[in-house]
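Structure record follows, encoded as C-alpha cells.
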Amino acid sequence: SFIGEESVAAGEGSILTDNPTWIIDPIDGTTNFVHRFPFVAVSIGFVVNKKIEFGIVYSCVEDKMYTARKGKGAFCNGQKLQVSGQEDIRKALLVTELGSNRDPETIKIVLSNMERLLSIPIHG
C-alpha cells in the first residue's frame, strides 16, 4: 500500500492496514518550503502490521540523510545517533510546532497541549 502526505492533505482518505505500506511526504516542511525557510526534507517510512520497520529522511538544504531501522538504531550520513542521556527534565529543551490548521477546535486543542507543556519545569 501507499500513503502520500500531499494526497491526504488534499482530502483523500487513507487507512493504515496491516499490509506493507510506504508512507511518503515528498515536501516535509511544506510551510517552511513556501516561506523559503531552509528546514525541508523528503520523508519516507515503511510500515508492516501497523508498525514502523524503517524510515529515511533527507534534509535537502543541509544535505543530510537520516536513516533508522527497527532494532538497528538511527544514523545521520552513516554516523550513529543517540539520545543525550539527560534525565533531569529541568535541563531539557522542548521543541514543538503549532501546525498550520487554524480551525477553532484545533486551535483550542493545540493551546491546551501547549499549556500542559509549559507547566513542565523545563529549561527552555
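The values are calculated or read from the model by the stated rules, or taken from the named source; none is laboratory data. Predicted model only: the values in this text are computed from it and were never measured. Methodologically, a virtual Cβ is constructed for each residue, glycine included, from the backbone with ideal geometry; neighbour enumeration extends over all protein chains shown. We work out accessible area using only protein heavy atoms, side chains counted, and drop any ligands, DNA or RNA first. Shrake-Rupley method; radii C 1.70, N 1.55, O 1.52, S 1.80 Å.
Residues checked against (1) in contact with a Phe, Trp or Tyr (Cβ under 6 Å, 6 or more places away or on another chain); (2) part of a strand (DSSP E or B); (3) loosely packed, with under 13 Cβ neighbours inside 10 Å; (4) modelled with pLDDT of 85 or more:
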site: Ile3; (1), (2), (3), (4): no, yes, no, yes
site: Glu6; (1), (2), (3), (4): no, no, yes, no
site: Glu12; (1), (2), (3), (4): no, no, yes, no
site: Ile15; (1), (2), (3), (4): no, no, yes, no
site: Asp18; (1), (2), (3), (4): no, no, yes, yes
site: Ile24; (1), (2), (3), (4): no, yes, no, yes
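Can you list residue pairs whose Cβ atoms sit under 8 Å apart, with the first residue in the range 88-108 being closer than 25 Å to Val34 by Cβ and the second being assigned to a loop (DSSP other than H, G, I, E, B)? Count only pairs 6 or more apart in sequence or on different chains.
Listed pairs, sorted by first residue: Thr106/Gly99; Ile107/Asn101.
Output the residue which, of all residues in the range 27-41 that are part of a loop (DSSP other than H, G, I, E, B) and in contact with an Asp or Glu (Cβ under 9 Å, 6 or more places away or on another chain), is least open to solvent (accessible area, probe 1.4 Å).
The initial filter retains those residues of the range 27-41 that are part of a loop (DSSP other than H, G, I, E, B), namely 29, 35-40.
Now restrict to residues that are in contact with an Asp or Glu (Cβ under 9 Å, 6 or more places away or on another chain): 38-40.
On the way: Pro38: 55, Phe39: 108, Val40: 19 Å².
Residue satisfying both the conditions and the ranking: Val40.
Here is a yes/no grid of residues against (1) over 23 Å from Gly4 (Cα atoms); (2) of a type in the set (Gly, Ala, Ser):
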{"residue": "Val40", "(1), (2)": "no, no"}
{"residue": "Asn49", "(1), (2)": "no, no"}
{"residue": "Phe54", "(1), (2)": "no, no"}
{"residue": "Gly71", "(1), (2)": "yes, yes"}
{"residue": "Ile89", "(1), (2)": "yes, no"}
{"residue": "Asn101", "(1), (2)": "no, no"}
{"residue": "Glu105", "(1), (2)": "yes, no"}
{"residue": "Arg116", "(1), (2)": "yes, no"}
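In the range 60-73, which residues are farther than 22 Å from Asn32 by Cβ and among the small types (Gly, Ala, Ser)?
Initial filter on the range 60-73 (farther than 22 Å from Asn32 by Cβ): 69-73.
Those that are farther than 22 Å from Asn32 by Cβ and among the small types (Gly, Ala, Ser): Gly71, Gly73.
Residue by residue, here is whether (1) open to solvent by 80 Å² or more (accessible area, probe 1.4 Å); (2) among the hydrophobic types (A, V, I, L, M, F, W, C); (3) modelled with pLDDT of 90 or more holds:
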site: Tyr66; (1), (2), (3): no, no, yes
site: Val83; (1), (2), (3): yes, yes, no
site: Asp88; (1), (2), (3): no, no, no
site: Val95; (1), (2), (3): yes, yes, no
site: Pro104; (1), (2), (3): yes, no, yes
site: Val110; (1), (2), (3): no, yes, yes
site: Met114; (1), (2), (3): no, yes, no
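Check Ile52, Ile56, Ile122, Ile44 and return the single one that is surrounded by 11 or more Cβ atoms within 10 Å (Cβ to Cβ), more than 17 Å from the chain's Cα centre (by Cα) and among the β-branched types (Val, Ile, Thr).
Just a single option satisfies the conditions, and that option is Ile122.
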